[in-house]
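Since the structure comes first, as structure tokens, the remarks are kept for the end.
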Amino acid sequence: MRVAVAKEIQPGERRVALTPEVVGRLVKRGMEVWVEAGAGDRACFSDTSYEAAGAAIIEDPQRLWREGQVILKVNPLGDRPDGASEYDWLSEGSTLVSFLNPLAEPTGVNRIAKSGATAFAMELIPRTSRAQSADALSSQASIAGYKAVLMAASQLPKYFPMLTTAAGTIPPAKVFVIGAGVAGLQAIATARRLGAVVEAFDIRPETKEQVQSLGGKFVEVALEEETRAAGGYAKEVSDDSKRRTQEAIAKHVGSADVVITTAQVPGKKAPVLVTKSMVEAMKPGSVIVDLAANQGGNCEGSAPGETVMQNGVSIMGPDNLPASVPLHASQLYAKNLATLLGYLVGENGELSLDFKDDIIDGACLVHQGKIRNERVKAALEEELVRIT
Ligand code: NAD
């Protein structure tokens, strides 16, 4: 089986789907691996290092896409700077494995289906113990949570740790993390390591113990509705619950030096949790990092990829933080992909899809040109109705 690693084309992307180490493991398992020339450059993996691991370096991207049996990528497909489209290079019989953002970009899924190809979306891998080492949402969200704290620490005009010096005592910074999923928990751990005092809130009550185990204080908000959806995710709550949440967290936002927001509900616009009036009540110099800025934002006034100043408060809306730690982000992602490939490939080293396996069933978005995921089909219908 020929596995092909395409170079990422999204502006600012520095990750690559496979690292030389993982290429070496796949080659040992009998796979042929092709890597597009320069694919790993921005993640610090040279063409020479891929060749040493047993890969062939392919200069012509179109050939790589057309002749690769399994195409591995990080980002959803798009149009290349030279005008060609990755969608046009997918062919019947090929299998794509990548993040595909299927609920937000259903028309992209439709284009994949029209090619007759098969596609696995990394977002759809079930969040189960068995699938844990293939869970790329987690590996990449953890990096985002870590980097969000580092960004906040370098923007804050204060120290994070408490310091007792001959020139006086510095109190520790106060960090408030909203959303204690994978990114939020890593943000709590990182802020604690830097010496901050940390509070956190999530609408899923089971996160309380996880926050406490990392040394954070959990902010309780009593909501009179179920906040959990299937798969361990949060569900979109009523306007009344949103209002109660905002009232309860306002004083914690007001007293924080740093607020990090990570709250998301899959397939929905991110909930607004930090309002303009809460920002106005913060001390000048405080920092907000809104990790949901791309999904509409948890903080009113945040903008994707920008830092907005409001009353002396920096509201940062970083875009694609995992790409800013490209070496380790690629290393983790490559291991996630290798695990998934382990489920997709049979003993004879060829693709063998057993749809009775919940990982294959869950992650396979398109099979031989047919969209399999009901939520994506519904999102696509909505999108088509909106366009026509
Ligand atoms: P996510 O990125 O979808 O959301 C981030 C957090 O925002 C979640 O904790 C969510 O509860 C929270 N949130 C949503 N709306 C909110 C609101 N209005 N106010 C406050 N917080 C809000 O979540 P994620 O980090 O991808 O994790 C999703 C779930 O998957 C979690 O239950 C996590 O424990 C679980 N998970 C399981 C495994 C596994 O078992 N292998 C691996 C990873 C994650």
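The values are calculated or read from the model by the stated rules, or taken from the named source; none is laboratory data. What you see is a predicted model, and the numbers here were worked out from it, not measured in a lab. Here the Cβ is made from the backbone with ideal geometry for all residues, glycine too, and neighbour counts use every protein chain on show. For the accessible areas, the whole protein counts, side chains as well, though only heavy atoms, and no ligand, DNA or RNA atoms are used. Shrake-Rupley method; radii C 1.70, N 1.55, O 1.52, S 1.80 Å.
A compact table of results
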| read-out | value |
| --- | --- |
| Positions within segment 59-78 being touching a residue at least 24 places away in the same chain (Cβ under 8 Å) and open to solvent by 10 Å² or more (accessible area, probe 1.4 Å), in sequence order | P61, Q62, R66, E67, Q69, N75, P76, L77, G78 |
| Elements of type helices (runs of 4 or more DSSP H) contained in segment 282-388, each with 2 or more residues being more than 30 Å from D41 (Cα to Cα) | 358-363, 374-387 |
| Residues that are more than 11 Å from the ligand (Cβ to nearest atom) and over 27 Å from the mean Cα position of the chain (by Cα), drawn from segment 217-238 | A222, E224, E225 |
| Residue in segment 153-170 that is touching a Lys or Arg at 6+ places or on another chain (Cβ under 9 Å), assigned to a strand (DSSP E or B) and more than 16 Å from the ligand (Cβ to nearest atom) present | yes |
| Sole exception among (1) part of a loop (DSSP other than H, G, I, E, B); (2) more than 30 Å from K242 (Cβ to Cβ); (3) open to solvent by 50 Å² or more (accessible area, probe 1.4 Å) for L103, by number | (2) |
| Conditions (1) open to solvent by 10 Å² or more (accessible area, probe 1.4 Å); (2) not assigned by TED's automatic domain parsing to the domain that holds V376: number failed by C299 | (1) |
| Considering residues of segment 175-216 that are β-branched (V, I, T) and open to solvent by 20 Å² or more (accessible area, probe 1.4 Å) only, the residue farthest from the ligand (Cβ to nearest atom) | V197 |
